[in-house]
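Take a look at the structure below.
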Amino acid sequence: MDPKYMQIYKTMKQRILDGIYKEDNQKLPNEVTLCQEFDCSRMTIKKALDLLVMDGLIYRKKGKGSFVLPPGALSSKINIQEDHIVGLTNSSEKNVTSKILDFQLKFADETIANKLCIQKNDPVYDIHRLRLIDQKPYVLERTYMSTSLIPGLDMDVLNHSVYDYIEQTLNFKIAGFLRITRADCSNPSDQKYLELKDTEPVLEVEQVAYLDNGTPFEYSFSRHRYDRFEFFSRSMRHI
């Protein structure tokens, strides 16, 4: 027979999959209520919730509770078993640099708010960057991050490594990503910054990045030159 926390985890997971706890940022019952329902300790409930976080089914907000991830995020395992690798062929032999095109604060629209699991009109960073290899453009990025979750982001951080800042300065742990890759026609901005003709396509990657507690911290679009980037994916079955 499964341990108590595993039984609770399976029950709550099924409730999410059945839509009893809806996939739309619905707040789960608090730990005290769950303890009463399942007749167990808070430690047992915490173990069950930890498993739901690792499954990519819920996320936590400090001091506010646990919430069901919105539609589109459920297919991503936070404690990721599929190791998605985005790589440039022979990139170790090349000089990779970034150019900040725009950096400002804006209010989240409904789409950004849903992806970052924040409220509409909450302030977010809006970062527009161009990546270059040996001074030749290869990807145009648009990134949104919550200012309350990732405070202190400035030009100095952007000119170095945002992910290093998140992990080493803010002491968060980045756990995984949900990526959707699609081909698209190049638009005027792509043609300008990526030096493309109007007949040339781009490869777009839409991404949501997650911390190890299940909280989404980044929503981004990357528009890649079709002839300078290759994507690799290595999948491992977790037994």
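The values are calculated or read from the model by the stated rules, or taken from the named source; none is laboratory data. Here the structure is a predicted model, which means the values were calculated and not measured. Backbone-built Cβ (ideal geometry, glycine too); neighbour counts: all protein chains shown. Ligands, DNA and RNA are stripped out before the accessible areas are found, and what is left, the full protein with its side chains, is counted by its heavy atoms. Shrake-Rupley method; radii C 1.70, N 1.55, O 1.52, S 1.80 Å.
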Modelling each spin label as a point 7 Å along the Cα-to-Cβ direction, I'd like the N95/M155 distance in nm, to one decimal. 2.2
Sort Y21, Y193, Y226 by accessible area with a 1.4 Å probe, largest first. Y226, Y193, Y21
Net charge near Y165 (other residues with Cβ under 10 Å of its Cβ; Lys, Arg +1; Asp, Glu -1) is -4
The percentage of the accessible area of the stretch 108-197 (probe 1.4 Å, all protein chains present) made up of carbon and sulfur atoms, to the nearest whole number, is 47
Beyond a 20 Å Cα-Cα separation, which of these cross-linked pairs lie in this structure: K22/K61; K61/K115; K62/K115; K64/K106; K27/K115? K64/K106
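Can you work out the accessible area per residue across the stretch 22-72, with the rest of the protein chains kept in place, probe 1.4 Å, in square angstrom?
54
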